[in-house]
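For reference, the structure is listed below as structure tokens.
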Amino acid sequence: MNETVPAKPTFDGAAVAKQLLRTIRAGALATLDGGSGFPFASLVTVATDQDGSPLLLMSRLAAHTGNLDRDPRASILLAQGGKGDPLAHPRVTVLGRLARTDEPRVQARFLARHPKAQLYAGFADFSFWRMEITGAHLNGGFARAMTLLPEQLRTDLSRADDLLAAEASAVVHMNEDHREALALYATRLAGAPAAEWRTTGLDPDGIDLAAGDLATRAGFDRRVTSAAELRGVLKEMAERARSLAA
């Protein structure tokens, strides 16, 4: 009798890259040195816009800022750390063009992710930057490398204006009144350790969570485009998390 061989699970590289983009708090920024033309790498803290575009806060005095003023092309390497061989862990390199932005939304999302940056974000020589993604390359481990198109990395914001407009108030509400639910999302749904979890932002695909130096993300089981849908999905997630063994 023939036995059915179980199909091997398909590797979803785009999902892995999106998770890295949303959860890694710092990365290596590569710009083009204005004097030599050589790649110039530096360490920066990173947040994401509603569509997943990388957000940075940089001083005009930094060498990489001067490089970007001359040539906006750059890449950011975001790597997941862990025990053992560093090359065994997933990482993604995001390519694009960086530009300064005064959008209040960008400032709010970055400072929610990096609250200590409020100490210097208002200094005259600091400015916020947003990357327009032009591509990415993922290495998800052995034999799991792939090139990604911008649309594979960005979160689709079409028809989600109602949700995006409600994001700021939803974040405040969840952090003030539903910290227990946020902890359940982080620990039981995302597999993160117990901590004082809060949300730093949300989008049609999921909710971002942070606790000190820790960051994780709980994905929605369906695309959310309105505040009403968000309330229902978050309630369902809390109920599902409570049903799981601690």
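Here are some notes:
- Thr187 more than 16 Å from the chain's Cα centre (by Cα), at pLDDT 95 or above, among the hydroxyl-bearing types (Ser, Thr, Tyr) and over 28 Å from Leu98 (Cβ atoms): yes
- The condition (being among the basic types (Lys, Arg), in contact (Cβ under 8 Å) with a residue 60 or more places away in the chain and crowded, with 17+ Cβ neighbours inside 10 Å) is satisfied by just one residue among Arg198, Arg188, Arg217, Arg159: Arg217.
- Members of segment 89-118 found to be in a strand (DSSP E or B) and among the small types (Gly, Ala, Ser), listed by number: Gly96, Ala99
- Of all residues making up segment 152-176, the number that are among the hydroxyl-bearing types (Ser, Thr, Tyr) and farther than 19 Å from Thr200 by Cβ: 1
- Scanning segment 32-51 for residues that are closer than 16 Å to Phe128 by Cβ and either crowded, with 20+ Cβ neighbours inside 10 Å or over 24 Å from the mean Cα position of the chain (by Cα) (or both) yields a total of 4.
- Ala183 surrounded by fewer than 19 Cβ atoms within 10 Å (Cβ to Cβ) and either in contact with a strand residue (DSSP E or B) (Cβ under 9 Å, 6 or more places away or on another chain) or not assigned by TED's automatic domain parsing to the domain that holds Pro54 (or both): no
- Pair list, Cβ under 7 Å, 6 or more apart: segment 119-130 residue over 7 Å from Leu57 (Cβ atoms) and in the same structural domain as Thr48 (by TED's automatic domain parsing), other residue exposed (fewer than 11 other Cβ atoms within 10 Å of the Cβ) and of a type in the set (A, V, I, L, M, F, W, C): Asp125/Leu61
- Scope segment 24-35; condition touching a residue at least 12 places away in the same chain (Cβ under 8 Å) and in a loop (DSSP other than H, G, I, E, B); matching residues: Ile24, Arg25, Asp33, Gly34
- Residues satisfying the stated conditions in segment 222-246, i.e. over 18 Å from the mean Cα position of the chain (by Cα) and either charged (D, E, K, R) or at positive phi (or both): Arg222, Glu229, Arg231, Lys235, Glu236, Glu239, Arg240, Arg242
- The selection criterion, being at pLDDT 95 or above, on the phi < 0 side of the Ramachandran plot and surrounded by fewer than 16 Cβ atoms within 10 Å (Cβ to Cβ), holds for Ala99.
- Counting only residues that are surrounded by fewer than 18 Cβ atoms within 10 Å (Cβ to Cβ) and farther than 22 Å from His89 by Cα, segment 133-153 holds 3 of them.
- For the criterion of being outside the structural domain of Ala215 (by TED's automatic domain parsing), modelled with pLDDT of 95 or more, more than 13 Å from Leu55 (Cα to Cα) and crowded, with 17+ Cβ neighbours inside 10 Å, Leu111 fails.
- Every pair of residues 6+ apart whose Cβ atoms lie under 6 Å, when the first sits in segment 82-94 and is under 14 Å from Leu20 (Cβ atoms) and modelled with pLDDT of 85 or more while the second is hydroxyl-bearing (Ser, Thr, Tyr) and not in a helix (DSSP H, G or I): Thr93/Ser75
The values are calculated or read from the model by the stated rules, or taken from the named source; none is laboratory data. Remember, predicted model here, so these are calculated numbers, not experimental data. Positions of Cβ are backbone-derived with ideal geometry, glycine not excepted, and every protein chain shown enters the neighbour counts.
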